[in-house]
Amino acid sequence: MKNGSDQIITDHFFHQAISCPLKLHFNLLQKNRVAREGSFRQKNKLVLRDAIAQRFSNVYYTQNEGREAEIETAEWLKNDEVVICGAVIRYGNFLTRIPILKKTGNNLTIIQVHGKLKKGNSVIFDKPVRSRAITGYLLKAAYRFQIVKNVFPDHQLTTEFVMPKDRFKSSVVNLFQNTLGNQKISEESLRELEELFMITDGTKSVHGVVQSLPESHTHHSFLGLSISEALTKIEELIIQPIEKQIPQIHDGCKYCEFRQASELNTKGCWQTFFSDGNLKNPDRHKFELIGHSMGGNSSENYFQEKIQQPYNLDTVDKILQYPSTVITMQQRRALQLLRAKNEEVPLVWGKPVLKTIKDVEYPHHFIDFEAATSAVPMAKNQKVYDQVLFQFSCHTLLESGELIHTEWVDEDPSAYPHPNFITAICSIPHIEKGTLVQFSPFERQSLYRLLREMEASLDVNPLTLYQFKKVIMGENDQPTERFFDLSKIVRDGYYNCYMNEGLTLKETLKNILQIERVFDSSKPSPISLHDITVELTSVNQNGNVISPYKLLMDDHLKIGDGMAAMNAYISMKSGVTTIEERKLIPKLLKRYCALDSFALYIIMEHIRSILNKNTKEDDILILNK
């Protein structure tokens, strides 16, 4: 590492370091990298903080740039009474950015704003904290507490937590639209916001974490240390040779972003520090096994090829002949372990349940919804974190083979999106006929929630309600026959040898595109997704298919999963995006959602082609090309 004198340790770096010393190393190496994909998530946190801060008087807002914010904070703290949003306090090499810092005379209050809903917020610190999430909140506050205490040793410090009430229901129309992103919130909306978010004193609980780091968030090398002792240890690690910091592999590696090689082809942690020349596939770890991870406390069991094969599933024949009408997670993991040992496994293996797709009635409406949740409700009578549907994409396959695409996304900054969502859904060609194909129960559940919402409304248009019921019931009023969950078919009846991590829509799509390259070497035609044309089977230098979702992203804005889509939408709805972002976000959302619905079409057609290659009545099995 570099000399410790020029290393600034932020809140994020501190929490990374105490979870594993090597994370500090990787974070410092990459501290000047391009901004994280979570920029919209951060914007949404700040806009919520700024709205809540309006309940206080004499509020100042720091600039985004850290050094400028530090200077502003020092100047404003000269006042006897002040509230600072985004206060920056520095102690030596350690820096913290505090959501809201309140000063009254000789008293300083650290105020953390948390939009996540936690049941029983009113008594959350009246008893020992067992929740990992709440412990994380306390840990953030404890680090801030210690830095502020070091800088202002003569001040009285307290910590408060702002969190939404779990039983809140909005009595205001468009509370979200009237508060978030507004520099001046009306008195009515501000009162409602104050009713929604309660303030809880957590000083005593924070003090406990200041004295001893929590086991749930701490690497064993930091366990039992106080925050102050941890700061000293981190300073030592910065100047210490990296070779002396290498700990054993541990279960905390599972969610570490540095464990594997990055997209920039930089080596991952395990490849750098735990390489083993005797391993055939060192990049396959137990954390990638489908389903929950297998046991094993020693480091050798963290690599798939060193994990002992289940005694009754130790050969391909035993796995395939295991008496079950579905492909179990145990069978999938057993095949993964064999493949990690470079043993031959089936290219594709299917169960008879796949044949149910032959009975799916045309037209096939491959449909995908995107939803957002917020601590601040968007509609009257809505509760905290009620889902708001803001987008859909539907690829409709007619029996003739024609494929029709319909899409919609909410771009209105002020309106509640559900009425327009319903109108757009009803306009899908032939929507009252055929089958709605989904990749989870979510779309079906969402449509029924919308129906209940419409039926409870006093001003719903009877014709719109009738048309929407036809979306759910179909022209024959048989709702149970309208929906076909493709995810259940894949989970129970489909396997290919590239299924190495999970069974999500995105992973299934990528695995099927990879296996299609094996079956058919001809290059498929590019497809159009909203405003761009992409080649879905683009491969990297190793010949592996690149996730198609990466081909849809802009150089600066990345929307490649549902969480990123939600945060981008909420930022746009809050009005905190730039003009450039405001133009680009709807395009990226439409590309992303269009690929989700087109993926359903690809998966369905792939399974159909597998069925056409087989006439067996029992398991469908393809061992080679």
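The values are calculated or read from the model by the stated rules, or taken from the named source; none is laboratory data. Keep in mind that this is a model prediction, so the values were computed, not measured. Heads up, the Cβs are rebuilt from the backbone with ideal geometry, glycines too, and the neighbour counts pull from every protein chain shown. With ligands, DNA and RNA removed, areas are computed over all heavy atoms of the protein, side chains included. Shrake-Rupley method; radii C 1.70, N 1.55, O 1.52, S 1.80 Å.
Computed quantities for the displayed model
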{"item": "5 angstrom amide H check on residue 60, placed H, neighbours 5+ away", "result": "83, 84, 85"}
{"item": "Region 440-555 - percent of accessible surface contributed by carbon and sulfur, probe 1.4 Å", "result": "48 percent"}
{"item": "Å² per residue, accessible surface of the chain at 1.4 Å", "result": "48 Å²"}
{"item": "Assigned charges on the beta-carbon of Lys, Arg, Asp, Glu; region 448-487 dipole about Cα centre (debye)", "result": "40 debye"}
{"item": "J(HN,Hα) series, region 376-388, from Karplus relation 6.51 cos²θ - 1.76 cosθ + 1.60, nearest Hz, glycine and proline x", "result": "9, x, 8, 9, 5, 6, 7, 9, 4, 6, 5, 6, 10"}
{"item": "Built amide H within the under 5 Å cut-off of residue 166, gap 5+", "result": "120, 121"}
{"item": "Using a Förster distance of 45 Å, the FRET efficiency for residue 578-residue 321 (Cβ separation, nearest 0.05)", "result": "0.15"}
{"item": "Using θ = phi - 60° and Karplus 6.51 cos²θ - 1.76 cosθ + 1.60, couplings along region 390-395 (whole Hz; Gly, Pro as x)", "result": "10, 6, 8, 9, 9, 9"}
{"item": "For region 445-592, alpha-carbon Rg and Dmax in angstrom", "result": "19.9, 59"}
{"item": "Compactness relative to 2.2 N^0.38 Å, alpha carbon Rg of the chain", "result": "1.07"}
{"item": "Unit charges on C-beta of K, R, D, E only; dipole of region 503-586, Debye", "result": "120 debye"}
{"item": "Of all accessible heavy-atom area on region 126-183, the percent that carbon and sulfur account for (1.4 Å)", "result": "43 percent"}
{"item": "Cα lying deepest toward the dipole's positive end in the chain, options 539, 606, 340, charges on Cβ", "result": "340"}
{"item": "³J(HN,Hα), Karplus 6.51/-1.76/1.60, whole Hz, each residue of region 551-557, x for Gly, Pro", "result": "6, 8, 7, 7, 5, 10, 10"}
{"item": "Under 5 Å, built H, 5+ apart or other chain: amide partners of residue 621", "result": "350"}
{"item": "Dipole magnitude of the chain, debye to nearest 20 (Cβ charges: Lys/Arg +1, Asp/Glu -1, about Cα centre)", "result": "1040 debye"}
{"item": "Percent accessible area from carbon and sulfur atoms, region 302-360, protein chains only, probe 1.4 Å", "result": "50 percent"}
{"item": "Compactness relative to 2.2 N^0.38 Å, alpha carbon Rg of region 126-248", "result": "1.43"}
{"item": "Among the listed pairs 267/488; 149/573; 102/184; 433/488; 149/383, those beyond 29 Å (Cα-Cα)", "result": "267/488; 149/573; 149/383"}
{"item": "Bridge type composition, the chain - antiparallel percent by DSSP, nearest 5", "result": "75 percent"}
